[in-house]
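A short write-up of the structure that comes next.
The values are calculated or read from the model by the stated rules, or taken from the named source; none is laboratory data. Computed from a prediction, not measured in an experiment: that's the story for all the values here. A quick note on method: Cβ atoms are made from the backbone with ideal geometry, for glycine too, and the neighbour counts reach across all protein chains shown. Just so you know, the surface numbers come from the protein's heavy atoms only, side chains and all, with ligands and any DNA or RNA stripped out. Shrake-Rupley method; radii C 1.70, N 1.55, O 1.52, S 1.80 Å.
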2 protein chains.
Amino acid sequence: MSDHGCLNLCWALALLDGLVAGGMRHLVLSPGSRSTPLVLAAQRQAALTVTPVLDERSAAFFALGVARASGRPVGLLCTSGSALAHWFPAVIEASESGIPLVLLSADRPPELRGWGANQTIDQTRFFGVHVRAFHDPGPPEAGPAASKLMRALGRRAAAESLGDWPGPVHLNLPFREPLVPGPDCVAESTSGTVEPLDIQVQAPATRISAALPRLAGRGLICGGPGDWTADGADALWQLAARLGVPVLCDPLSGLRFGSASSHRLTHYDSLLRHPATAAALKPDWVLRFGRSPVSKTLLGWLADVPTILVDAGRSWSDPNHDVRFKIDADPAAFCAWFADANLKLGTPDPDWIARWLQAERRLERFAADYLDQAPWCEGHLIRDLIAQLPEGEGLLCANSMPIRQFDTWSGQRSQPLRIFGNRGASGIDGQTSTLAGLNAGGTPTTALLGDLSFLHDLSGLLELRALQRPCIVINNGGGRIFDYLPQHGLPGFERLWRTPMAVDLGTLAHTFGLAHRQVSDGAGFRQALAESMQAGQSAGLIEVVIDADLSRQIHRDFWQAVSRLRNDP
Amino acid sequence: MSDHGCLNLCWALALLDGLVAGGMRHLVLSPGSRSTPLVLAAQRQAALTVTPVLDERSAAFFALGVARASGRPVGLLCTSGSALAHWFPAVIEASESGIPLVLLSADRPPELRGWGANQTIDQTRFFGVHVRAFHDPGPPEAGPAASKLMRALGRRAAAESLGDWPGPVHLNLPFREPLVPGPDCVAESTSGTVEPLDIQVQAPATRISAALPRLAGRGLICGGPGDWTADGADALWQLAARLGVPVLCDPLSGLRFGSASSHRLTHYDSLLRHPATAAALKPDWVLRFGRSPVSKTLLGWLADVPTILVDAGRSWSDPNHDVRFKIDADPAAFCAWFADANLKLGTPDPDWIARWLQAERRLERFAADYLDQAPWCEGHLIRDLIAQLPEGEGLLCANSMPIRQFDTWSGQRSQPLRIFGNRGASGIDGQTSTLAGLNAGGTPTTALLGDLSFLHDLSGLLELRALQRPCIVINNGGGRIFDYLPQHGLPGFERLWRTPMAVDLGTLAHTFGLAHRQVSDGAGFRQALAESMQAGQSAGLIEVVIDADLSRQIHRDFWQAVSRLRNDP
């Protein structure tokens, strides 16, 4: 082929054919020149939605959101140079959380790498251990074998991103100039005829059957952060009923909302602050699904309890170092298999679940009564939010304070909700971009963020304009989680730890074309939420002004009151 | 030591003692908990200025600016997790440009790494080949040997960042809880008594003396991006005079402004668009100092010309693959050594320099005449800027269009100016943060940015409030460099390449507390520049509205007129 621009395009088309066959439906790109062949190829893929995002960091968190919401591999495309480095925070989150991303970095050809050429850095193996796979197929070549390779590479990269350890996959793609084909170039997608690649997943090994019964006594199930289907959750509830144990449902497990079960517990973080209850209900073993729970109280309390970890990924989530059995299987598949195999676990004790449920109900009532008489705070807001969010929609909960307060106050409900959180690396980064991506991924999603998380991802505000679900920002004057840590009150505390930002959120919203509603009480919040979710309009920002010192007092008083409750369970 | 918080602090203090002894005077930190021992230690270092910046990406570009302006190693500090990933774009720029940064990432202790603990990722060797050195000294230990190690590590890290190949150095620093010392902790800095570390730099090998004379014929000197002192520049001018060759001064060489020399050329990018001149003045050899020049015209014209590359760093800047001699030495030291050794290079030809200077003066006049009759454009703006910037101050010139237009129009002046550009990776990223850092580093610096560069680094706007030099933004509706590339006019061009942003810069400036002046002609610009530079006030933003299509036409007409000039040199 004498038209090198045409060769570049055909090569890029073949790769996208493979990626589309592998399930990719969305490509997020940041503008650049070297990436042009892939942009031209994406324009020729009817199956692909293409979203341009200027800031590569924002683009990557946007893609993360789309992939979280859709479960499909999402493509990211950028030009050569430092551009791909901006992806790194979202790549880490995707790696830790097991989210399928396909990273397509355009590059200069090998003859320019390492020779001081413009916008040329060493992009090979750039993401180190933080990607599942890295491929560098070299510059485009002509011929059917080359097209076959690129289609196969696309299918493979998509499959690797979705495999038994989902996560990001990096393809570094060098292109030689010219990057734009001549007028006679004929290049068409064949994605409709490319067969997807199936990867065979191993069934859980049967030798576990012999090992499990060694755990005797009373246990509990910990539903850690994960993504359960309704059927999967039903299988879990049946397992809990068979074993006669409670299920402590992490806020990011998705198990707090949807198909009801009497075994579902959500108040353990408060419950375990009551010393007698914590002592009386201490289990002999734990069956945990997914990553470690958000609750530090729970995690600390579980230290030294023998643990069975069931997780689809190859991650090794065991900060207490208590895992005795590690089962690399899909949690729902494990539940079904456990039932089919008619396995036993622990020693039956009918009194055990009864005591748990009694303690849970009592704490639930106490918390409700406490909120009824307390000044308005995040607890009320979260209860209102849970009550008002439409069935099956999503909530993105930021790290630091929001997810912890959500953990304390969310309770449960029978209508499903999807709760999203970037809890893999638990950064305060990328929240507004992730929110935009979740909505673009097909799940209408509201966000609950702190002011610092919100301001850490200013670029994401450029993507919020069309959103029909609000971004709720708790404005309490900086990083209030430090108010709960030993750093509180140190010299320079305000400037070096809490770091409040002198930015008016109303003006900021206006700048980015977002509606802005400021509230500071329950009635105001409920009205703002209802207004902002009215069909067809852009929802914008709900700024919730919170007196952080008062909030801290309310929470401290609550936990103290819990710790002093009479009558052990 | 039974107070582990105190041990952490003493350990951190010893490290900072070493870093301060090694020349560090500025630490830029982003808020976090795990990094607390180093924050506490920094508060006890009288020699350190501490700047908190919320967004780690912005913090890193800020630090890059401080280091560029001050020439000292600048510290960066962040907490564990994805935080350090945000540093990566600035780390790449620092590595490519040879800027000394000391990256201090707090980490969880080894027993939590890889076990799914919160905010814990694999931070070891995180920056791969993009740092000069990586150190992981493990968690703090007690005793004088441990303190001695940390002081030595601090001195070593500072020295490595400043060594014969300056650049970023990464220290990963795990801390165990508690992170805050008890009330009885006694921990004091001993930085005043720590001796700095001297690294012996090798003198240029004398065997070069024999090799150089093999280059015969007429040559030229290319002053690439670099940082010349006034004495160094004088040595260069003497070298040029001795050799009888012109010095083509890159806009980022710093050589266009300051001590005058008749051998100084700045109009080569235009000059070489005249085919007969380009052919007549083609040299037999090139002596280049520093990285490749900004001008693509120059670089293309120099292809296949045997080149001597003199660079302090170990980078290998030779995209044309023409370097015959590579001399790893400080350019100014090389010039002095060359004179002392009384070396010869090339074949003397008195006519050669005369023809160059004649062509330069002719183009200079033609360009001035052309601008006089052309509608107002970036060329006029740059000339006004060069005329008005105070002696010895700085100008940060963004990549993409601004640096290229600066290359075309800057000319020269006898009063010195420092021209800064993140040209290592040539990204459009981190510009506003770099600007804030340059000013914090001791050089009052004005910026010339495009609208996309400006909007790519929104977080940096939080750091501009106190600046007494303006940020000039050429608002021409997106990435206009694509207007000059083959992508121009492709279907979807506006949305996928040029990507104009729908943000009003006046509102944006107001949001971040910045003064805003919008101008669209020369008188307006000169007045806005003068007003914004009045002593003691915050300078804010100067938005320059440019009609991009008209500007493109003016530049095309200019180059065409140059190419058709009669009378070869």
So how exposed is A:PHE558, as accessible area in Å² (1.4 Å probe, rounded to 10)? 0
Just counting partner chain Cβ atoms within 10 Å, what average do the residues of peptide B:36-43 show around their Cβ? 3
Quick one: Debye curve from the alpha-carbon atoms of the stretch A:1-79 only, equal weights, vacuum; give me log10 I(q)/I(0) at q = 0.11, 0.26 Å⁻¹ to two decimals. -0.27, -1.25
The summed charge of the B:ALA398 Cβ neighbourhood (under 13 Å; Lys/Arg +1, Asp/Glu -1) stands at -3
I'd like the mean, over residues of A:176-187, of how many other protein chain beta carbons sit within 10 Å of each residue's own Cβ. 1
If only Cα atoms are counted, what is the Rg of the stretch A:328-448, and what is its Dmax, in Å? 18.2, 52
Quick one: what do you get for the stretch B:120-276 if you divide its Cα Rg by 2.2 N^0.38 Å? 1.64
Provide the per-residue ³J(HN,Hα) series for the stretch A:283-294, in order, calculated from phi with Karplus coefficients 6.51, -1.76, 1.60 and θ = phi - 60°, each as a whole number of Hz, with x at glycine and proline positions. x, 8, 7, 10, 10, 10, 9, x, 5, 4, x, 5
State the answer as a single residue: which of B:LEU162, B:LEU64, A:PHE420 lies farthest towards the positive end of the charge dipole of the protein assembly as shown, with beta carbon charges of +1 for Lys and Arg and -1 for Asp and Glu, about the Cα centre. B:LEU162
Environment charge at B:TRP497 (Cβ cut-off 14 Å; Lys +1, Arg +1, Asp -1, Glu -1): +2
Quick one: which residues, 5 or more positions from B:ILE327 or on another chain, have an amide H under 5 Å from its amide H? H modelled 1.01 Å from N in the peptide plane, none for Pro or chain starts. B:LEU309, B:VAL310, B:ASP311
How long is the stretch A:417-457 along each principal axis, judged by its Cα atoms, biggest number first, in Å? 26, 19, 14
If amide hydrogens are placed 1.01 Å from N in the peptide plane, which non-local residues have theirs closer than 5 Å to the one on B:VAL53? B:LEU29, B:SER30
Quick one: grab the alpha carbon gyration tensor of the stretch A:97-199, order the square roots of its eigenvalues as a ≥ b ≥ c, and give me rounded if a/c is under 1.5, else prolate or oblate depending on whether a/b is larger than b/c. oblate
Order the peptides B:145-158, A:419-432 from the highest to the lowest mean number of other Cβ atoms within 10 Å of their residues. A:419-432, B:145-158
For the B:SER259, B:ASN342 Cβ pair and Förster radius 25 Å, calculated FRET efficiency rounded to 0.05 is 0.60
Enumerate the calculated ³J(HN,Hα) couplings along the stretch B:166-172 in order (Karplus 6.51 cos²θ - 1.76 cosθ + 1.60, θ = phi - 60°), each rounded to whole Hz, writing x wherever the residue is Gly or Pro. x, x, x, 10, 10, 10, 9
Equivalent ellipsoid semi-axes - Cα gyration tensor, the stretch A:4-178, angstrom: 22, 18, 15
Net dipole in debye of the stretch A:378-545 [+1 Lys, Arg Cβ; -1 Asp, Glu Cβ; about Cα centre; nearest 20]: 200
Return the value, in Å² to the nearest 100, of accessible area buried between chains A and B (probe 1.4 Å, both sides summed). 6500
Ordering A:GLU531, A:GLU56, B:GLU391 from largest to smallest accessible area (1.4 angstrom probe), what's the sequence? B:GLU391, A:GLU531, A:GLU56
Qualifying trypsin sites (Lys or Arg not before Pro) in the stretch A:299-343, DSSP loop, other Cβ atoms within 10 Å at most 15: A:ARG314
Starting from 0 in steps of 10 Å, tell me what percent of the Cα-Cα pairs of the stretch A:377-473 lands in each bin. 17, 52, 29, 2
Out of the total accessible area of the stretch B:461-524 (probe 1.4 Å, heavy atoms of protein only), what percent is carbon and sulfur? 52
So for the stretch B:418-501, averaging the separation of alpha carbon pairs under 8 Å that are six or more residues apart and normalising by length, what relative contact order in percent results? 28
Tensor-based shape of the stretch B:378-545 (alpha-carbon gyration tensor, a/c under 1.5 rounded, otherwise prolate or oblate): prolate
The stretch B:452-494 - Rg over Rh from alpha carbon coordinates, Kirkwood radius: 1.14
What does the charge add up to near A:PRO140, with Lys and Arg as +1, Asp and Glu as -1, over the other residues with Cβ less than 15 Å from its Cβ? -2
Can you give the Rg to Rh ratio for the stretch B:446-569, taking only C-alpha atoms and Rh from Kirkwood? 1.06
Using the Cα centre as the reference, give the magnitude of the dipole from point charges on the C-beta atoms of the protein assembly as shown (Lys, Arg: +1; Asp, Glu: -1; all else neutral), rounded to the nearest 20 debye. 940
If you average the sequence gap of Cα pairs under 8 Å that are 6 or more apart and divide by the length of the stretch A:4-178, what percent do you get for the contact order? 30
Of the accessible area of the stretch B:4-178, with the probe set at 1.4 angstrom, what percent is carbon plus sulfur? 51
Let me know the Rg and Dmax you get for chain A when you use only its Cα atoms, in Å. 25.3, 85
Checked against the positive end of the charge dipole of chain A (+1 on Cβ of Lys and Arg, -1 on Cβ of Asp and Glu, about the Cα centre), the farthest of A:ALA276, A:GLN45, A:PRO444 is A:ALA276
Need one value for A:78-84: mean number of C-beta atoms belonging to other chains within 10 Å of its residues' C-beta atoms. 6
Can you list, shortest first and in nm, the gaps between the label point of B:VAL129 and those of its counterparts in the other copies, using a point 7 Å from Cα in the C-beta direction? 2.1
How far, in nm to one decimal, is A:ALA278 from itself in the other copies if the label point is set 7 angstrom along Cα toward Cβ? Shortest first, please. 7.6
Using the heavy atoms of the protein chains and a 1.4 angstrom probe, tell me the accessible area per residue for chain A in square angstrom. 35
For the protein assembly as shown, state the average projected area of the convex hull of the C-alpha atoms over all orientations, rounded to one decimal in nm². 45.3
Whole-Hz Karplus couplings 3J(HN,Hα) for the stretch B:539-550, θ = phi - 60° and coefficients 6.51, -1.76, 1.60, Gly and Pro as x, run 7, x, 10, 10, 8, 9, 7, 10, 7, 5, 5, 5
So if I restrict to the alpha-carbon atoms in the stretch B:200-346, what is the Rg, and what is Dmax, the biggest pairwise distance, in Å? 14.2, 49
Report relative contact order for chain B in percent, whole number only (criteria: Cα-Cα under 8 Å, sequence separation at least 6). 14
Under the convention of a label 7 Å out along Cα→Cβ, give the distances in nm from B:ASP549 to the same position in every other copy, shortest first. 6.0
Computed for the stretch B:4-178: size of charge dipole around the Cα centre, +1 on C-beta of each Lys and Arg, -1 on C-beta of each Asp and Glu, debye to nearest 20, value 360
